[in-house]
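K.L.:
What follows is a single structure, and I will ask about it in a moment.
The values are calculated or read from the model by the stated rules, or taken from the named source; none is laboratory data. Values in this document were obtained by computation on a predicted structure and should not be read as measured data. All Cβ positions, glycine included, derive from the backbone under ideal geometry; neighbour counts span all protein chains shown. Keep in mind that these areas ignore ligands, DNA and RNA; they rest on the heavy atoms of the full protein, side chains included. Shrake-Rupley method; radii C 1.70, N 1.55, O 1.52, S 1.80 Å.
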Amino acid sequence: MSGRHSRRDEATDARDRLGRIAREWDRPAGEALRWRPGIDVRSLDCAATPGWDGGRDEAEEASAGQAVELADLQERLFAEGRTGGSRSVLLVLQGLDTAGKGGVVRHVVGLVDPQGVMHRSFGRPTPEEAAHGYLWRVRGALPRPGYIGVFDRSHYEQVLVVRVTGLEPESTWRAHYDEINAFEAEVAATGTRIVKCALFVSSDEQRSRLAQRLERPDKHWKYDPADIDTRKLLPEYLEAYQEMLERTSTDVAPWYVVPADRKWFTRLAVGELLLDALRSFDLGWPAATFDVEAELRRLAAT
């Protein structure tokens, strides 16, 4: 049996497995996690599992099914992009330190072929980047057709860190909301499906995760003393996140609010949202641009 047929059978088995476990979602993840007016992240239960009635064991079984289907659909998307397609997916991960962005990249995005992934982490702008508008470097990092793009932090730093730390006057950063909405509408119109996930970790859980980084030598490289300063500004950051959601959750690029105290749920939820985006493309395989039978005869003659 060919590798492609094996992959197709595995994907079918995975979808069957997910179907059996679908009962653990009392409603679709996209519905359960989508931000809506009235949701206040300042009082969010970060240990909740919205929409998911199962526990960790069931989530791990569901994640195993996600892995096979994600790999299959990502390969189909990549093949489409290599043959003239224009579609792509952009996964935006936004959250304070220890919220689990890196874990999502490793455990969810890491399930697919890395050659079809464009990953970018937006830190402090370089001198070259700072010489341009803040969206300049973002445009240069957008996924090409056929790719899954991942932003670990993103253009939203401009209305979060910049706002809270006072790097720009309010009149400047407030204008960014409309700029971002227009930018994302433009990106979506090119065929990119945007999946924006805001990960929220509780103050107690963040303290525990930061303590682990300090207590384990193999985690020291992940620790930044500035994280303590950020913790002191948590109320200001939550206020900034609240307005970000209110002002930039749109029909073409909605925000999904993901509680992040339970890492297994965070990864399950983002994996499901990413799968939903890929499934929405109804991806097939590109038709051959050559005579398959003729090529088989040529191959047999060698």
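K.L.:
May I ask you to list the residues in region 111-132 that are of a type outside the set (D, E, K, R) and open to solvent by 50 Å² or more (accessible area, probe 1.4 Å)? Give the derivation first.
P.N.:
Taking region 111-132 and keeping what is of a type outside the set (D, E, K, R), we get 111-112, 114-119, 121-123, 125-127, 130-132.
Scanning region 111-132 gives L111, P114, Q115, H119, S121, P125, T126, P127, A130, A131, H132.
K.L.:
Next question. Among the residues of region 226-247, are any in a helix (DSSP H, G or I), open to solvent by 30 Å² or more (accessible area, probe 1.4 Å), in contact with a strand residue (DSSP E or B) (Cβ under 9 Å, 6 or more places away or on another chain) and modelled with pLDDT of 95 or more?
P.N.:
yes
K.L.:
Identify all residues within region 287-298 that are closer than 26 Å to F78 by Cα and either open to solvent by 100 Å² or more (accessible area, probe 1.4 Å) or of a type in the set (K, R) (or both); write none if there are none.
P.N.:
T289, F290, E293
K.L.:
Where in region 1-113 are there helices (runs of 4 or more DSSP H), lying wholly inside it, with at least 1 residues that are more than 21 Å from the chain's Cα centre (by Cα) and modelled with pLDDT under 95?
P.N.:
3-21, 56-82
K.L.:
Touching a residue at least 40 places away in the same chain (Cβ under 8 Å) and outside any loop (DSSP other than H, G, I, E, B): does that describe G284? So that I can check it myself, show each step before the final result.
P.N.:
Numbers: touching a residue at least 40 places away in the same chain (Cβ under 8 Å): yes; outside any loop (DSSP other than H, G, I, E, B): no.
It is false that G284 is touching a residue at least 40 places away in the same chain (Cβ under 8 Å) and outside any loop (DSSP other than H, G, I, E, B).
K.L.:
Looking at region 179-213, which of its residues are open to solvent by 20 Å² or more (accessible area, probe 1.4 Å) and either of a type in the set (V, I, T) or in contact with a helix residue (DSSP H, G or I) (Cβ under 8 Å, 6 or more places away or on another chain) (or both)?
P.N.:
Hits for region 179-213 are N181, T190, R193, V201, S203, R207, Q212, R213.
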